[in-house]
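Colleague: Once you've had a glance at the structure underneath, I'll fire off some questions.
The values are calculated or read from the model by the stated rules, or taken from the named source; none is laboratory data. Since we're looking at a predicted model, the values are computed, not measured. Don't worry about glycine lacking a Cβ; one is built from the backbone with ideal geometry, like all the others, and counts go over all protein chains shown. Calculation scope for accessible area: heavy atoms of the full protein, side chains included, ligands and nucleic acids excluded. Shrake-Rupley method; radii C 1.70, N 1.55, O 1.52, S 1.80 Å.
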Amino acid sequence: MRVLVTGGTGYLGRSVVRALASAGHDPVVYSRTACTSGLPGTLIDGDVRDRASLTAAAAGCRGLVHAAALVAVWRRDPGEFDAVNVGGLLNAIAAVEHHRIPRLVYTSSFLARTPEGLRRPPRWNDYQRTKATADAEAQTAVQRGVPIVRLYPGIIYGPGLLTDGNLLGRQIADHLAGRLPGLVGADRIWSFSYVDDVAAAHVAALERGAAGRQYLLGGVNAPQMRAFEIVRDITGRRLPRRLPGWLVALVAAAEETRVSLAGGRAFVTTGTLEILLRDWPLDSGAAEEELGYRITPLEEGIRRIVDELNGSTDEDAGPSQA
């Protein structure tokens, strides 16, 4: 099956493209840097904000995986999140409708859902706000018959690129290099989703996911600190410090003032802090039953990260978000 993959050069997107190729599909990688990615399949440079270009790239495809997203803590112009995370999905839907493509697999996020203790999805930062808005747009499209399968990964992690899409990998790299100041919300529950497990679920959703269905792609539900206990057991490195929320709130306020005046990258914001101080467990039972979703043990996944980092120079590991 010829399958268009938006965001195919991102952290998850690369794994999805390789999983599609391994399963015998013909991936079409659509990204701003597709042609220099070295990925298998047809490579097309393009931007998901360009509806005409995206629609043209989808010609001849029988499936579309929409994994493109702006994953970031902050942007000076919040409209960037809307243009990519909401507008990009609407453009993917338009391409599917135009070509009558039988299946659209949409990569949403656990942040589009509701944490424990709340009744509706919050809008604490622009990434979360726009993923929740995009999820509502996807539901509207489902109601008019667009064949969308929605996937909600947890904290995607694993070896490979140390980008915003691999937060835990970046944190571990920073911790081993002595750059991680500490953890806020260390005892809050995350659902750790190994990247290859999530990629395999995308292929399964494309092949046999029911149109209109929503699948949670969680992993091991555990406190954030548990990942670093495993790192300690492997490397002997001491656990990171636990940072109090009130202290990080002061830092976040200062960061927001700094980037608003001078630009640059905000390492933490008040909205991000709200997210870190909540529990986000996921129940992946439906995905396990219907998609054959399998969960890699957290110890195994983290060992793969550490093994790769021990064989690298850490030069590509940027500063952590936490």
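Colleague: So in the range 17-37, with the set limited to residues that are small (Gly, Ala, Ser) and without any contact (Cβ under 8 Å) to a residue 12 or more places away in the chain, which one is most open to solvent (accessible area, probe 1.4 Å)?
Modeller: The selected residue is SER22.
Colleague: Another question, if that's okay. Looking at ARG14, ARG62, which is the one that is in contact (Cβ under 8 Å) with a residue 60 or more places away in the chain, closer than 19 Å to PRO153 by Cβ, among the charged types (D, E, K, R) and open to solvent by 20 Å² or more (accessible area, probe 1.4 Å)?
Modeller: When all the criteria are applied, what remains is ARG14.
Colleague: Tell me, which residue of the range 227-263 that is of a type in the set (Ser, Thr, Tyr) and in contact (Cβ under 8 Å) with a residue 12 or more places away in the chain is farthest from ARG75 (Cα to Cα)?
Modeller: The qualifying residue farthest from ARG75 (Cα to Cα) is THR235.
Colleague: Could you please find all residues in the range 231-246 being assigned to a helix (DSSP H, G or I), out of contact with any strand residue (DSSP E or B) (no Cβ under 8 Å at 6 or more places or on another chain) and surrounded by fewer than 21 Cβ atoms within 10 Å (Cβ to Cβ)?
Modeller: ARG232, ASP233, ILE234, THR235, TRP246
Colleague: Picking from ARG123, ARG170, ARG129, which residue would you name as being open to solvent by 40 Å² or more (accessible area, probe 1.4 Å), touching a residue at least 24 places away in the same chain (Cβ under 8 Å) and outside any strand (DSSP E or B)?
Modeller: Of the residues listed, the single one that is open to solvent by 40 Å² or more (accessible area, probe 1.4 Å), touching a residue at least 24 places away in the same chain (Cβ under 8 Å) and outside any strand (DSSP E or B) is ARG129.
Colleague: How many of the residues making up the range 101-119 are among the basic types (Lys, Arg) and touching a helix residue (DSSP H, G or I) at 6+ places or on another chain (Cβ under 9 Å)?
Modeller: Total satisfying the criteria: 2.
Colleague: Looking only at the range 38-50, decide whether some residue is modelled with pLDDT under 95 and open to solvent by less than 20 Å² (accessible area, probe 1.4 Å).
Modeller: no
Colleague: Enumerate the pairs (first residue in the range 204-215 and over 11 Å from TYR106 (Cβ atoms) and free of Cβ contacts under 8 Å to residues at least 60 places away in the same chain; second residue anywhere and of a type in the set (Gly, Ala, Ser) and open to solvent by less than 10 Å² (accessible area, probe 1.4 Å)) with beta-carbon separation below 6 Å, excluding pairs fewer than 6 apart on the same chain, so at least 6 apart or on different chains.
Modeller: Going by the 6 Å Cβ cut-off, there are no qualifying pairs.
Colleague: Among the numbered conditions (1) more than 22 Å from TYR157 (Cβ to Cβ); (2) open to solvent by less than 30 Å² (accessible area, probe 1.4 Å); (3) touching a residue at least 40 places away in the same chain (Cβ under 8 Å), tell me where ARG75 comes up short.
Modeller: Among (1) more than 22 Å from TYR157 (Cβ to Cβ); (2) open to solvent by less than 30 Å² (accessible area, probe 1.4 Å); (3) touching a residue at least 40 places away in the same chain (Cβ under 8 Å), the lone unmet condition for ARG75 is (2).
Colleague: I want to confirm something. Restricting to the range 65-122 and keeping residues that are basic (Lys, Arg) and in contact with a strand residue (DSSP E or B) (Cβ under 9 Å, 6 or more places away or on another chain), which single residue is nearest to GLN139 (Cα to Cα)?
Modeller: Filtering the range 65-122 for residues that are basic (Lys, Arg) and in contact with a strand residue (DSSP E or B) (Cβ under 9 Å, 6 or more places away or on another chain), the one nearest to GLN139 (Cα to Cα) comes out as ARG113.
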